[in-house]
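Chemist: Sharing a structure, written as structure tokens. Questions coming.
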Amino acid sequence: MLLKKLGLLAGIAATLATPFLTAGNAVAATSSDFDGLYVGRPTSVGECPDVNRDFSIVVADGGARMVISMRNGRQLVGKVDTAGKIEMVSEAVSYHVKLVGHIVGNELTAESSNDADMCHYSYDFHKTAAK
């Protein structure tokens, strides 16, 4: 009899807790929450040459992609985690470019560096469109 009552109480407790557990999960961020097109212009850090054009990062379903060379189509490819941290690397064979940043709301701030000329750039991207 006591076991039946304990089983019944456990069932009631689970039923009452389910809406709260589900609500907590519904609020959790997913990497697709950051999907969209982000546009920004790099700022040179140090002695590196200025780049006088905008760049775009496309974020979709946890992935990220940015064309860094219009001449040869070279891209940075990476991912965005559920906290908005973004990491991308180049597909180049001769040298590597890395971009690391974070998305908060409609703003993406990042830093990039490459091992060819040791140049570093900072970026302030703004979300211009949803996925």
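The values are calculated or read from the model by the stated rules, or taken from the named source; none is laboratory data. Note that the structure is predicted; figures quoted are calculated from it, not measured. Note: ideal-geometry Cβ built from the backbone for every residue, glycine included; neighbour counts use all protein chains shown.
Chemist: So for the stretch 99-108 (the condition being at pLDDT below 90, exposed (fewer than 12 other Cβ atoms within 10 Å of the Cβ) and not in a strand (DSSP E or B)), does at least one residue qualify?
Modeler: To start, the set of residues in the stretch 99-108 that are at pLDDT below 90 comprises none.
The answer is no; no qualifying residue exists.
Chemist: Would you please name the residue that is surrounded by the fewest Cβ atoms within 10 Å (Cβ to Cβ), looking only at residues in the stretch 54-68 that are within 20 Å of M118 (Cα to Cα) and over 14 Å from the mean Cα position of the chain (by Cα)?
Modeler: Filtering the stretch 54-68 for residues within 20 Å of M118 (Cα to Cα) gives 55, 66-68.
If we keep only those that are over 14 Å from the mean Cα position of the chain (by Cα) too, we end up with 55, 67-68.
Numbers: F55: 20, V67: 14, I68: 20.
Checked the stretch 54-68; the qualifying residue surrounded by the fewest Cβ atoms within 10 Å (Cβ to Cβ) is V67.
Chemist: Residues of the stretch 69-98 being of a type in the set (D, E) and modelled with pLDDT under 95, which ones?
Modeler: E91
Chemist: Residues that are touching a helix residue (DSSP H, G or I) at 6+ places or on another chain (Cβ under 8 Å) and farther than 16 Å from Y121 by Cβ: does the stretch 62-73 have at least one?
Modeler: Yes, because at least one residue in the stretch 62-73 is touching a helix residue (DSSP H, G or I) at 6+ places or on another chain (Cβ under 8 Å) and farther than 16 Å from Y121 by Cβ.
Chemist: Still on this structure: Does V51 satisfy the condition of being touching a strand residue (DSSP E or B) at 6+ places or on another chain (Cβ under 6 Å), touching a residue at least 12 places away in the same chain (Cβ under 8 Å), surrounded by fewer than 16 Cβ atoms within 10 Å (Cβ to Cβ) and not in a strand (DSSP E or B)?
Modeler: On the way: touching a strand residue (DSSP E or B) at 6+ places or on another chain (Cβ under 6 Å): yes; touching a residue at least 12 places away in the same chain (Cβ under 8 Å): yes; surrounded by fewer than 16 Cβ atoms within 10 Å (Cβ to Cβ): yes; not in a strand (DSSP E or B): yes.
Taking the combined requirement at face value, the residue satisfies it.
Chemist: Which residue pairs have Cβ atoms closer than 6 Å, lie 6 or more positions apart in sequence or on different chains, and pair a first residue in the stretch 117-131 that is at pLDDT below 80 and in a strand (DSSP E or B) with a second residue that is of a type outside the set (A, V, I, L, M) and surrounded by 12 or more Cβ atoms within 10 Å (Cβ to Cβ)?
Modeler: A129/G36
Chemist: Of the conditions (1) touching a Gly at 6+ places or on another chain (Cβ under 7 Å); (2) farther than 13 Å from S113 by Cα, M88 clears all except one; give me its number.
Modeler: Here M88 clears every test but (2).
Chemist: Scanning the stretch 75-98 for residues that are surrounded by fewer than 16 Cβ atoms within 10 Å (Cβ to Cβ) and assigned to a loop (DSSP other than H, G, I, E, B), which turns out farthest from the chain's Cα centre (by Cα)?
Modeler: S94
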